[in-house]
Amino acid sequence: MSKQILVVAAHPDDEVLGCGGTMARHASNGDKVHVLFMSAGVGSRENVKNDEINERRICAKQASKILGSQSPQFLNFPDNRMDSVDLLDIVQPLEKLIEKIKPEVVYTHHIGDLNIDHQITHKAVVTACRPQPGFCVKEIFAFEVLSSTEWQTSEYLPFIPNVYFDISNQIEKKCKALKFYDNEMRQSPHSRSIDNTIRLNALRGNSVGVDYAEAFILIRSLKKIVKIT
């Protein structure tokens, strides 16, 4: 049976870096993958123009097509200033979307990332996904994003994955999707390069005996209870 999947990312490109291969894997299995971006990801730059914001959104839509996900949705929280917004004001639109699509699985940022928007997004997701009776969300996973997760102070909430998804058959789609974010990617040896993305996914994969994998921290998993009589 197909599932409703929701990816909540702070900025366009985070979704591909963190779980692009897993998104494509879900889509190939017949799941419907939805993506929500909290911020355009360019608003904090000097003299940013509306054309740049629109271009980033177009890139996000093109990347989604490559990965097989639904057309992404966008909120307009301030880029790299989400901590200036009351958490409740961030949670409420997220709750409305969750109520609408009723995802079974949610992917989002690691709470320990260096980027403040990543931290706030994680908090908003966990708050919106409070485990109430009959709630649709059964699993929540936190992903890693190069140039944020590994740049945080090592002693502060390190990313220690406990779930790995084999994306050996999806690594080419992930790289193709990342190319739509050329303006955000950097040349090797910068951490946020396509070469380094491939190296990280190879490392994660080789750690569990496959060619390529994406790693996650399982935040919550509620399995169906089967009564034994």
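The values are calculated or read from the model by the stated rules, or taken from the named source; none is laboratory data. As the structure is a computational prediction, the values presented were derived from the model and not from experiment. Don't worry about glycine lacking a Cβ; one is built from the backbone with ideal geometry, like all the others, and counts go over all protein chains shown. All accessible areas refer to the heavy atoms of the entire protein, side chains included, with ligands and DNA or RNA removed. Shrake-Rupley method; radii C 1.70, N 1.55, O 1.52, S 1.80 Å.
Please work out if Asp117 is of a type in the set (D, E, K, R), closer than 16 Å to Phe216 by Cα, out of contact with any His (no Cβ under 6 Å at 6 or more places or on another chain) and open to solvent by less than 10 Å² (accessible area, probe 1.4 Å). Against the criterion (of a type in the set (D, E, K, R), closer than 16 Å to Phe216 by Cα, out of contact with any His (no Cβ under 6 Å at 6 or more places or on another chain) and open to solvent by less than 10 Å² (accessible area, probe 1.4 Å)), Asp117 does not qualify.
For segment 150-163, name all the residues that are within 16 Å of the chain's Cα centre (by Cα), farther than 7 Å from Gly112 by Cβ and in a loop (DSSP other than H, G, I, E, B). Passing the criteria: Glu150, Pro161.
Criterion first (of a type in the set (D, E, K, R) and over 26 Å from Ser28 (Cβ atoms)) does Arg199 satisfy it? The answer is no for Arg199.
Is one or more of the residues making up segment 185-194 open to solvent by 80 Å² or more (accessible area, probe 1.4 Å), part of a loop (DSSP other than H, G, I, E, B), touching a Ser or Thr at 6+ places or on another chain (Cβ under 6 Å) and charged (D, E, K, R)? Within segment 185-194 (the criterion being open to solvent by 80 Å² or more (accessible area, probe 1.4 Å), part of a loop (DSSP other than H, G, I, E, B), touching a Ser or Thr at 6+ places or on another chain (Cβ under 6 Å) and charged (D, E, K, R)), the answer is yes, since at least one residue qualifies. Helices (runs of 4 or more DSSP H) fully within segment 1-109 that include at least 2 residues being within 15 Å of Cys129 (Cβ to Cβ) and open to solvent by less than 30 Å² (accessible area, probe 1.4 Å): 87-101. Within segment 120-131, at least one residue is in contact with a Leu (Cβ under 9 Å, 6 or more places away or on another chain), of a type in the set (D, E, K, R) and open to solvent by 80 Å² or more (accessible area, probe 1.4 Å).
With respect to Glu214, is the statement that it is acidic (Asp, Glu), within 22 Å of Ala60 (Cβ to Cβ) and part of a loop (DSSP other than H, G, I, E, B) true? Spelling it out, it is not the case that Glu214 is acidic (Asp, Glu), within 22 Å of Ala60 (Cβ to Cβ) and part of a loop (DSSP other than H, G, I, E, B). Of the residues in segment 150-165, at least one is open to solvent by less than 50 Å² (accessible area, probe 1.4 Å), modelled with pLDDT of 95 or more, of a type in the set (S, T, N, Q) and more than 29 Å from Lys65 (Cβ to Cβ). Being under 21 Å from Val137 (Cβ atoms) and either at pLDDT below 95 or touching a Pro at 6+ places or on another chain (Cβ under 8 Å) (or both), is that true of even one residue in segment 38-53? Within segment 38-53, not a single residue is under 21 Å from Val137 (Cβ atoms) and either at pLDDT below 95 or touching a Pro at 6+ places or on another chain (Cβ under 8 Å) (or both). Among the residues of segment 169-184, the one identified as part of a loop (DSSP other than H, G, I, E, B) and surrounded by 20 or more Cβ atoms within 10 Å (Cβ to Cβ) is Gln170.
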